[in-house]
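Scroll down for the structure; my scribbles are underneath it.
Laboratory data are not the source of any read-out in this text; all were calculated from the coordinates shown. These numbers come from a predicted model, not from an experiment. No Cβ is skipped: glycine too gets one built from the backbone with ideal geometry, and neighbour counts run over all protein chains shown.
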């Protein structure tokens with residue numbers, strides 16, 4: 001007698017896809033956009049993709065729906081985590097190191113030309129194209145509307161046009177300059 005096996009849905013396979021996406025994007029959420037984090041992410045992506053591909057090939061005949069759900073969730077969660085990775089990294093870093101950065105910024109003398117107090121928050125780049133994030137102290141919260149609108153532009157107290165302003169807490173902002181622009185020179 002030949003027993004026919006039912007095509008059962010395996011709930012673990014889609015969860016493996018989600019776990020794989022988290023493993024792949026975890027280095028960028030922790031270490032930022034630096035070259036080292038990107039290289040770690042690429043190696044992790046290659047390994048996780050290879051593992052998921054092997055699992056998919058082995059299970060495809062009997063668990064087609066589970067495999068397709070796994071691959072779809074892997075892609076969707078990877079995209080979502082990539083979109084929020086910079087914000088997660090920034091929020092975590094601010095939570096852990098805000099006291100140190102506040103002390104550094106507030107110790108600076110007031111600027112004669114009306115520029116806001118700031119320090120380099122983070123920078124990354126490759127082959128001479130650098131992108132810089134600044135931590136800015138804005139005592140008047142004049143950057144609040146820029147942070148709410150998420151729109152790029154030239155704002156009072158900042159020397160260059162910026163790509164994005166993100167509010168960390170009252171009076172404290174993360175200001176992302178365009179590539180190859182810095183506080184002391186604008187491109």
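Suppose we filter 160, 174 for residues that are touching a strand residue (DSSP E or B) at 6+ places or on another chain (Cβ under 7 Å) and under 20 Å from residue 113 (Cβ atoms); which single one remains?
160
Regarding residue 118, is this residue outside any helix (DSSP H, G or I) and touching a helix residue (DSSP H, G or I) at 6+ places or on another chain (Cβ under 8 Å)?
So residue 118 fits the description; yes.
Conditions tested, residue by residue: (1) more than 24 Å from the chain's Cα centre (by Cα); (2) outside any loop (DSSP other than H, G, I, E, B).
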| site | (1), (2) |
| --- | --- |
| 54 | yes, yes |
| 58 | yes, yes |
| 65 | yes, yes |
| 68 | yes, yes |
| 81 | no, yes |
| 87 | no, yes |
| 92 | no, yes |
| 108 | yes, no |
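Limited to region 134-166, what total is found for residues that are under 22 Å from residue 107 (Cβ atoms) and part of a strand (DSSP E or B)?
Final tally of qualifying residues: 4.
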